[in-house]
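Structure, as structure tokens:
The values are calculated or read from the model by the stated rules, or taken from the named source; none is laboratory data. Here the structure is a predicted model, which is why all the values come from computation and not from measurement. Virtual Cβ from ideal backbone geometry, glycine too; neighbours counted across all protein chains shown. Each accessible area value is taken on the protein alone, full model and side chains, heavy atoms only, with ligands, DNA and RNA left out. Shrake-Rupley method; radii C 1.70, N 1.55, O 1.52, S 1.80 Å.
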Amino acid sequence: MQYKPRTLLVALLLVFVTKSFAQHKTYKITNGIGIFGAITQLDIETDNFITKKDNGFLFGASATVDIPHRWYNMSYGMQLSENYIGIEGRATQGGQEQELIQYKLFAAQLALLGHIKLIGSHLTIDAGPMIQYNGKLELKNENQEGYYINNYDNLKVEDISAVSQFNFNGVIGASVGYGFFRLKAQYIYGFTNLLKKLEDQNLDTSGGDARFKGNQSMLVFGAMVSF
């Protein structure tokens, strides 16, 4: 009879341990690679110039981490883009005409994004920081060299090419899809002053503001294939 309490204790411990292990779940975290392409619309939010957004294109790749037991997933990736923007100008110094000067801007962007799950991984809200390195503003049409920028008396179109090349952005967007295919939309906003470097160029800013301030604003619409 003296062994009964020990026997009962061992039996209870076995039941507890068995139940605990039975309730433990193993989650499979899945890593993947995504390749995507998109069209872009670039604008610069500024009071210095009169701008008009234009279409460009983008392609890139991202590494994704699918975490099934969390309310979010993560990804990090790199994308390269060729973007276009119009800035209003004129052919002659004292002219009154309004002509759109087309510029292009190449950019490389690195982003770390969190993906908030709304309907599993099929519909997510995407947000996170982005670091950008971009080239100078380049004239799309060389025949417009020597034109003047509106809002200034003597500022020429080639004078504003040396924009700031390192910028910090924020990204917000959404993704929808099933399996290996997803559609994506993003809004990218530049927190840093894209035009700040122009203040160091000793430009003739007569007739306009000598302080340059402009924030990048970009829309991205595209698709991604994962594997």
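The table below gives the values:
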item: Backbone HN-Hα couplings from phi across the range 43-56 [Karplus 6.51/-1.76/1.60, Hz, Gly and Pro as x]; result: 9, 10, 7, 8, 9, 6, 10, 9, 10, 9, 5, 9, 8, x
item: For the range 206-216, Karplus couplings with θ = phi - 60° (6.51, -1.76, 1.60), whole Hz, Gly/Pro x; result: 4, x, x, 7, 6, 8, 9, 8, x, 10, 5
item: Long-range HN-HN contacts of Ile50 with modeled amide H, under 5 Å; result: Glu88
item: Most mobile listed residue (Asp159, Asp43, Asp200) in the chain, GNM with C-alpha springs under 10 Å; result: Asp200
item: Karplus-derived HN-Hα couplings along the range 163-179 (A = 6.51, B = -1.76, C = 1.60, θ = phi - 60°), whole Hz, x at Gly and Pro; result: 7, 5, 9, 10, 9, 10, 10, x, 10, 9, x, 8, 10, 9, x, 9, x
item: Long-range amide H partners of Gly208 with built H, under 5 Å; result: Asp153
item: Computed [θ] at 222 nm, helices only, for the chain once each DSSP H run of length n ≥ 4 contributes -39500 (n - 2.57); result: -3000 deg cm²/dmol
item: Cα pair distances in the range 80-156, grouped into 10 Å bins until the bin that holds the longest one, percent each; result: 17, 29, 21, 17, 12, 4
item: In the range 62-141, GluC sites (Glu not before Pro) in a DSSP loop with at most 15 other beta-carbon atoms within 10 Å; result: Glu97
item: Binned Cα-Cα distance frequencies in the range 59-98 - 10 Å width, integer %; result: 21, 21, 17, 14, 14, 11, 2
item: Area accessible to solvent at Tyr133, 1.4 Å probe radius, in Å²; result: 110
item: Two-decimal log10 I(q)/I(0) for the chain, as the Debye equation yields it once each C-alpha is a single scatterer, q = 0.09, 0.10, 0.11, 0.13 Å⁻¹; result: -0.50, -0.57, -0.65, -0.80
item: Solvent-accessible surface ranking, highest first, for Ser206, Ser164 at 1.4 angstrom; result: Ser206, Ser164
item: Placed amide H near Lys140: partners under 5 Å, 5+ positions off or other chain; result: Gln102, Tyr103, Lys104
item: Relative contact order (%) - criterion: Cα under 8 Å, at least six apart; region: the chain; result: 20
item: 25 °C / 0.890 mPa s Stokes-Einstein diffusion coefficient of the range 164-212, Kirkwood radius on C-alpha pairs, µm²/s; result: 174
item: The chain: angle of helix 4-23 to the longest principal axis, Cα-based, in degrees nearest 10; result: 30
item: D_trans [Stokes-Einstein, Kirkwood Rh over alpha-carbon pairs] for the range 28-126, 10 °C, 1.306 mPa s, µm² s⁻¹; result: 97
